[in-house]
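One structure below.
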Amino acid sequence: MKPIYDYQIPFNRPTIVGKELYYISQTILGGHSSGDGEYTKKCHRLLEQRLGVPKVLLTTSCTHALEMAALLLDIQPGNEVIIPSFTFVSTVNAFVLRGAKPVFIDIRPDTLNMDEAHLERLISPKTRAIVPVHYAGVACEMDAIGSLASRYNIPIVEDNAHGLLGKYKGRFLGTFGTFATQSFHETKNVTCGEGGALVINDPSCIEKAEIIREKGTNRSRFFRGQVDKYTWVDQGSSYLPSDILAAFLYAQLEAIDEIQFKRQQIWDRYYENLNKWAGENNVRLPIVPADCEQSFHMFYILLPSLEDRQNLIEHLKARQILSVFHYLPLHLSDMGKRYGGKQGDCPVTEDVSDRLLRLPFYNDLSEAEQEEVVDAICEFQVKSHR
C-alpha cells in the first residue's frame, strides 16, 4: 500500500493554525523544554477554564491518560471493566495491563456508542469501571449510564478521544465521569502530533494523579514549595509530555473555536451533498441525537455491505482520494478471544465494522477538495441492497 501522503486528497493532514512554531522557539530559548513547563501549565489552565473542571493534566498520549485512570482506580487482577468492543485498543489495554478482565458491550445502531440497554446485565460484583466511548464526538446516553453507575457505585471513565467540546444536554463531554481522557493525536481536531490529557472531576484524586504522573514521586508538591525535597511515595510512571509539544498544543487550543467552525462547515457540506446519493443507494449517514452537540471529529458513511465498502475504497483510490475503515471488533481479536469473546457476542459491532467508511476530514480541507470527494462518491453506485 502506498504512503498516505501520496494521495492527492489524504484521509488526514495536520495543519498549523497559529503561533505553534513561535511558541516552540520560545520554549527552547527559555531553557525549559521538558515536562510541566510554561506551556504545559497554560494548556492546563485553558482546558480547566473551558471545561469547568477541577484539574486537567497533559499526558504523552490518550493511552497514557487511560493508564493513569486505571492506576487511580486501583484496578487489580480479577476486576472487570465494561468497555465497548467498537473502540481503539488503548481503551482496553489500559485496564488489561492492570490485570482486569474486559467485559465487551455492544453498540447502539444509531450513534455507534455503548448500548446502555445492555449495560445492567453485564454489571457484576467484580465490575470496577464503566468506560463509555463517545464515538465520533457524539455523546453516549450519559443519563442512563450515570444512573446505573451511581446505583451500583461504579466509577465512570469517559474515553473522550473524539469528543473535545462536544456536549450532552448542554454539558461538556468529559465532565460526567470520575475521570475522562482526551487525545491530541495528529488525527484529532486539536493536535500536537502525539499527546493526551487526563480530566479529573473528583478533586480528591488530584494529588495522587500528580504523583502517578511524576514517576510515583511528590515532585509536583516540591515545585510548589509544599515539601522541601521530593521522594518516591507511590506507583507511577513518566506521563509528562515535553513542553515543546505543549507549546504546539497551546497554539492549537487558542484557535479551537476557529478550528471547530471550519470542521462544522466541512461536516455540514458532506451531509448536505451526500444526502440524496445516500438515500438512493441505501447508505446511512451519521446520526446525531437532538440532545447531543457533536465535536465534528469525523464524517463516516455506512455502506450496505463489506463488498460495497471495499469497492468504494478502491473507487476513491483510483481518483487519488484516501478513505479508511475503522475499528475491528475487539471481542473477535486474538486477545479478545482469550477473554472469551466469540462471534455473535456483539452483533451490531460486527455488522457496523464491516460497513463503515471514514471520509477525508482535516482542518484545511478546502471546499474544492471536498467537492472532488463528493463528486467521486456520487459517481459510485452501490451493487447490493440490504
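The values are calculated or read from the model by the stated rules, or taken from the named source; none is laboratory data. Model, not experiment: these values are computed from the prediction. Counting neighbours? That spans all protein chains shown, and the Cβs are built from the backbone with ideal geometry, glycine included.
A few remarks follow.
- Candidates Ala251, Ala255, Ala246, filtered to the one that is within 30 Å of Leu73 (Cα to Cα) and touching a residue at least 24 places away in the same chain (Cβ under 8 Å): Ala246
- The residue that is farthest from Ile244 (Cα to Cα), counting only those in the range 166-189 that are crowded, with 21+ Cβ neighbours inside 10 Å and out of contact with any Asp or Glu (no Cβ under 8 Å at 6 or more places or on another chain), is Phe172.
- Some residue of the range 213-227 being under 25 Å from Gly78 (Cβ atoms) and buried (at least 23 other Cβ atoms within 10 Å of the Cβ): no
- Near pairs, Cβ below 6 angstrom, 6+ apart or cross-chain, from the range 91-116 (free of Cβ contacts under 8 Å to residues at least 40 places away in the same chain) to any residue that is in a helix (DSSP H, G or I) and of a type in the set (D, E, K, R): Ala94/Glu67
- Selected residue [in contact with a His (Cβ under 9 Å, 6 or more places away or on another chain), at pLDDT 95 or above and among the acidic types (Asp, Glu)] from Asp243, Asp257: Asp243
- Note on the range 91-138: among residues that are part of a strand (DSSP E or B) and of a type in the set (A, V, I, L, M), the one that is nearest to the chain's Cα centre (by Cα) is Val133.
- Here Glu194 qualifies as surrounded by fewer than 19 Cβ atoms within 10 Å (Cβ to Cβ), assigned by TED's automatic domain parsing to the domain that holds Leu46 and outside any strand (DSSP E or B).
- Single condition Lys342 does not satisfy, out of (1) among the basic types (Lys, Arg); (2) in contact with a Leu (Cβ under 6 Å, 6 or more places away or on another chain); (3) without any contact (Cβ under 8 Å) to a residue 24 or more places away in the chain: (2)
- On the stretch given as the range 45-84, residues that are farther than 23 Å from Lys167 by Cα, of a type outside the set (A, V, I, L, M) and either in contact with a Ser or Thr (Cβ under 7 Å, 6 or more places away or on another chain) or outside the structural domain of Glu116 (by TED's automatic domain parsing) (or both) total 1.
- Consider the range 307-335 and keep the residues that are touching a Lys or Arg at 6+ places or on another chain (Cβ under 8 Å) and surrounded by fewer than 19 Cβ atoms within 10 Å (Cβ to Cβ). The one that is farthest from Val103 (Cα to Cα) is Asn311.
- Selected residue (criterion: nearest to Asn218 (Cα to Cα)) from residues of the range 21-44 that are among the hydrophobic types (A, V, I, L, M, F, W, C) and more than 28 Å from the chain's Cα centre (by Cα): Ile28
- Contact map, the range 268-293: residues that are in contact (Cβ under 8 Å) with a residue 24 or more places away in the chain paired with residues that are among the hydrophobic types (A, V, I, L, M, F, W, C) and part of a helix (DSSP H, G or I), Cβ distance under 6 Å, separation 6+ or inter-chain. Pairs shown: Asn273/Val374; Trp277/Cys378.
- Residue under evaluation Glu210, criteria (1) assigned to a helix (DSSP H, G or I); (2) touching an Asp or Glu at 6+ places or on another chain (Cβ under 7 Å), criterion not met: (2)
- Residue match in the range 151-159 (condition: in the same structural domain as Lys55 (by TED's automatic domain parsing), of a type outside the set (A, V, I, L, M, F, W, C), in a helix (DSSP H, G or I) and surrounded by fewer than 22 Cβ atoms within 10 Å (Cβ to Cβ)): yes
- Qualifying residues in the range 233-265 (those that are more than 21 Å from the chain's Cα centre (by Cα) and β-branched (Val, Ile, Thr)) - the one surrounded by the fewest Cβ atoms within 10 Å (Cβ to Cβ): Val233
- For first residues located in the range 65-90 and over 21 Å from Cys205 (Cβ atoms) and at pLDDT 95 or above, partners that are among the acidic types (Asp, Glu) and not in a loop (DSSP other than H, G, I, E, B) and lie 6+ apart or on another chain with Cβ distances below 7 Å form the pairs Thr87/Asp159.
- Any chance Phe222 is aromatic (Phe, Trp, Tyr), assigned to a helix (DSSP H, G or I) and free of Cβ contacts under 8 Å to residues at least 60 places away in the same chain: yes
- Subset of the range 336-386 [hydroxyl-bearing (Ser, Thr, Tyr) and either within 12 Å of Leu302 (Cα to Cα) or surrounded by fewer than 18 Cβ atoms within 10 Å (Cβ to Cβ) (or both)]: Tyr339, Ser353, Ser366, Ser384
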